[in-house]
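Please read the structure below before turning to the comments.
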Amino acid sequence: MRMNTATDSDTICTKQEGWTLEDVGKIIPVRVTPNGSYRNEPVVHVHCQMCTAEFIGPAREAGGFLGGHECLHAWELAQMMGRSDGLVE
Ligand SMILES: [Zn+2]
């Protein structure tokens, strides 16, 4: 028998911006952006494995954060490699 069912504030995050560690693990029921409407998206906390950057926010944006860092660090690496490959002027 369970008397304490989780309240919405424990599982639902209605913030549309400014997410904090306290929101991690909650679900954003609806988030409307110019790119589309995201529904039932979890708030996650991720960090870049190449540098110390961290991100707290919707899963979709976390993916963009990780992908963006991956691209940047790959580019940085290519710049370093490029010198021996003759790819730079
Ligand atoms: Zn990074």
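Read-outs throughout are calculated quantities, based only on the coordinates presented, and are distinct from any laboratory measurement. Being a predicted model, the structure only gives us computed values, none of them experimental. With ideal geometry, Cβ positions are generated from the backbone for all residues, glycine too; neighbour counts draw on all protein chains shown.
In the range 18-40 there is no residue matching the filter, namely being under 12 Å from the mean Cα position of the chain (by Cα) and within 16 Å of the ligand (Cβ to nearest atom).
Among the residues of the range 58-78, are any surrounded by 11 or more Cβ atoms within 10 Å (Cβ to Cβ), touching a helix residue (DSSP H, G or I) at 6+ places or on another chain (Cβ under 9 Å) and under 26 Å from residue 8 (Cα atoms)? No: zero hits.
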